[in-house]
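K.L.:
Below is the structure I would like to discuss, written out as structure tokens.
Please treat every number below as a calculation from the coordinates, not as lab data. Everything quoted here is computed from the prediction, not taken from an experiment. Neighbour counts are summed over all protein chains in view; Cβ atoms, including those assigned to glycine, are modelled from backbone coordinates with ideal geometry.
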Amino acid sequence: MSDLSRRECVPCKGKVPPLKGDAIGALLEELGGSWHVVDEHHLENEFRFRNFREALEFANRVGELAERVNHHPDLHVGWGRVKVTVFTHKIGGLTETDFVFAAKTDELSLRH
């Protein structure tokens, strides 16, 4: 379990620059797992499940987390998989909160 998962998601008010370069690399290393950064813009991970029902249940748990912490990922649900894309929409890039949310999502994936 990442220490990131213990941190709080802090809503972005805008007017802050998105993370770049080494800052992203350090948080990605702390996050671990199978997340990857795309174009220094967003985090992506695809979670695999035995069937559609498990994938949908996971997507619903991620949705509940998103509502609870007021940080909303993009979810793509298919048979036996959920692709999660996380970035801070308000600034069009990554913040520490995106990595915190990703770590919390990883914890949810362990419950299936």
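K.L.:
Can you give me the C-alpha center-to-center distance between the range 96-112 and the range 74-91, rounded to a whole angstrom?
P.N.:
12 Å
K.L.:
Next question. With springs only between Cα atoms under 10 Å, which of PHE87, PHE49, PHE99 fluctuates most in a Gaussian network model of the chain?
P.N.:
PHE49
K.L.:
Give a residue-ordered list of calculated ³J(HN,Hα) values for the range 20-33 (Karplus: 6.51 cos²θ - 1.76 cosθ + 1.60, θ = phi - 60°; whole Hz; x for Gly, Pro).
P.N.:
Coupling constants for the range 20-33: 9, x, 4, 4, 5, x, 5, 5, 5, 5, 5, 5, x, x Hz.
K.L.:
Longest segment of the chain with no trypsin sites (Lys or Arg not before Pro) in a DSSP loop having at most 10 other Cβ atoms within 10 Å? Don't jump to the answer; show the numbers that get you there.
P.N.:
Working: sites that count: LYS13, LYS15, ARG50, ARG111.
Here the longest segment lacking exposed loop sites spans 51-110.
K.L.:
Could you grab the relative contact order for the chain? Cα pairs under 8 Å, six or more apart, rounded to a whole percent.
P.N.:
On the way: 181 pairs, mean separation 43.5, N = 112.
Relative CO of the chain lands at 39 percent.
K.L.:
Distance from a point 7 Å along Cα→Cβ of ASN51 to each backbone N in the range 78-112: keep the residues under 15 Å and list them by number.
P.N.:
Answer for this model: 79-81.
K.L.:
With labels modelled as points extended 7 Å from the Cα through the Cβ direction, what inter-label distance (nm, one decimal) is found for SER34 paired with THR85?
P.N.:
1.9 nm
K.L.:
Between LYS20 and GLU67, what FRET efficiency follows from the Cβ-Cβ distance if R0 is 22 Å, with the result rounded to 0.05? Numbers along the way, then the final one.
P.N.:
Details: r = 29 Å, r/R0 = 1.33.
Calculated value: 0.15.
K.L.:
In a solvent-free Debye calculation with one equal scatterer on each Cα, what is log10 I(q)/I(0) for the chain at q = 0.11, 0.19 Å⁻¹, listed in the order of the q values?
P.N.:
Rounded to two decimals, the profile gives -0.31, -0.94.
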